[in-house]
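Written below as structure tokens is the structure these notes are about.
The values are calculated or read from the model by the stated rules, or taken from the named source; none is laboratory data. Only a predicted model underlies this, so the values are computations on that prediction, with no experimental measurement involved. Positions of Cβ are backbone-derived with ideal geometry, glycine not excepted, and every protein chain shown enters the neighbour counts.
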Amino acid sequence: MPEKISTENNNNLFANKNFVLLFLINILVIFVDKLIVAALQAEGCKIDTTYSSVVPIIPPIVITIISILPYIFFAPLAGYLTDKYKKKDILFKSLLVKFATIPFVTALVIFGLSMSYLVLYKIVHILAGFSILSCSVFINIISLSLIPSIVPKSNLRLANALIISFNLLTYFSILVIGTFILISSIISLVLAKFIKVEENQPLKDSFHESKTTFIESFKNTIAYLKTHQKTKRTIELACALSLLTSVFYIALIALAQDKLNTLLIMIGSGILLGIIGINFLQNKFKLNDLLTFSFIVLVITFGTAQFVNSIEMAWFWLIPIGIVNVIINMLIETAIQKTVPNRFRGKVFGFKAFITNLVFVVSLIIMSQFVLVKVSPLELLHALACFALAITLIILFFRRNFVYYVLRLLFKPIMYTFFQLKIKGRQHLKHKGALILAGNHTGWLDGFIVGTASKRNLEFMVTSEVLSWPIISHVARALAFIPVFDGQGKNALKEAIDDLKCGKAICIFPEGKLSEDGSIGKFNRGVARLQTKSQAPIIPFAIHGGFEAWSYHHKLPRFHKIVIEFGEPIYYIQEKDEKSIIDELKQKVIELKNNLS
């Protein structure tokens, strides 16, 4: 159920009482979870009296899978309950169940360790630990859903980095202290009571949510993802990161099982450095730029892993991976929080947790088979690094900012050499923040013309028909585009408006189709709707020669001189209606085209 969290004194993240309470709860929960994982690891070992050493009888990979399975089983349910009921109530009840289960598990562990030869007790211990870890699934998803309501947008990245990094440290660090479990649970329960929640839910929405079943809610989430490409692509990126993480985890085990703890500490150091970096850089770079940069760092790291020839050298490889891991995870969570409405946020986080952990477990099982290959650990590490490098390059290729940059770099000399592209009025594109570029639609090259002329990365609104065109469709999929499906124009406009509110630049061709004779046709009102909802200025432009170079009637381009000119911005004025905006825009585009002719 959507709700509003009290945000007093939230300009400083650590002066925000609600966030500090939530952060402390997460630390305590992770502390307890780590102790449970340590207990599971103890259950999977036996003491070798001959050599006075501890010998693992259950592989570390199996323990890791057991600790992750709760997300696969319960994440969708956690997301459903998070959106349907009061988040604070679900948080408190999850902590209460966790607290009530711990004394039972503690007694079993103490009794079971004294009778470790009984397999039944080991199974009971593992199931009990599984139930405690399952409660953390709800706590984690509720925490991520609450953060956007607790902290301002300027601090979202740092808040997510702090929460996520400690979750990552659950897997990438070793805790040896086995006490204070009950104390930690009691403290977390008390802290949860002090989080202030103010209900802000219309009765109509509340009634609708209460009547939605889990299956219906799950179907609604899938339908939401199908119509919101950005959120869908974010989840796909998270799945790719899970695949990379599983490869990396296997590489660590291949490198040194007996010194795994030391290597994991290196990862922890990288994660902490990542948090420090985010604190200083969180508002200086755009989200997409940080993501692209992070994957480039991964390419360099995996590419140079071939030079790792000893365990002592491994930290050169592990620390940057830790830094990038926390940055990418933080940016993924932030992207979901900014783009997904409150009523869907919990379900989307639940679905993401389910699918990413499923990918991790499946890939971990598959990749673990490579450990059985009779090669040296370093050779296996190098092979896995090459595999991870290939995955990273594929991900980077599908990163729109990176592909946009590469394609613009490639097409720029083509446009200048073969089409003698000339650009006028580029000074009008210096406007920072949200921007709408709108002009005439002459031919197949229009997107490349505008993209070459603008130094900013643009998102293009295109008809769904483009997805069926040869060559152009592949370029459109790689670049930032917002498809306009038949009968779903409102969804495309909403996505474009959300992007404009985030300060992005949108390119739209108001005619909605290619010109059949080179003249300017009727302008649709979509561009006016974009301005009235986002209040972003419109930069009119006119293209001359695009029709002759590659028109609707020709299958292949012809070399012809092309000129594009940008006009003065049309700023938002509240008194103007949509018709007035369209009329003014069309008149300016016609004037620009006549000047070029």
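Quick look at the numbers
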{"item": "Evaluation of Ser551 against (1) within 37 Å of the chain's Cα centre (by Cα); (2) touching a residue at least 60 places away in the same chain (Cβ under 8 Å); (3) surrounded by fewer than 21 Cβ atoms within 10 Å (Cβ to Cβ) (one fails), failing number", "result": "(1)"}
{"item": "Long-range neighbours under 8 Å by Cβ, at least six apart or interchain, first residue modelled with pLDDT of 70 or more within segment 91-104, second surrounded by fewer than 19 Cβ atoms within 10 Å (Cβ to Cβ)", "result": "Phe92/Leu189; Phe92/Lys193; Leu95/Leu189; Leu96/Leu189; Phe99/Leu182; Phe99/Ile186; Phe99/Leu189; Thr101/Ser131"}
{"item": "Top-ranked residue in segment 62-87 [being over 23 Å from the mean Cα position of the chain (by Cα) and at pLDDT 80 or above; ranked as nearest to Pro341 (Cα to Cα)]", "result": "Lys84"}
{"item": "Tabulated pairs, segment 225-239, first on the phi > 0 side of the Ramachandran plot, second part of a helix (DSSP H, G or I) and among the aliphatic types (A, V, I, L, M), C-beta under 7 angstrom, 6+ apart or interchain", "result": "none"}
{"item": "Residue count, segment 558-585 (criterion: crowded, with 16+ Cβ neighbours inside 10 Å, charged (D, E, K, R) and in a loop (DSSP other than H, G, I, E, B))", "result": "1"}
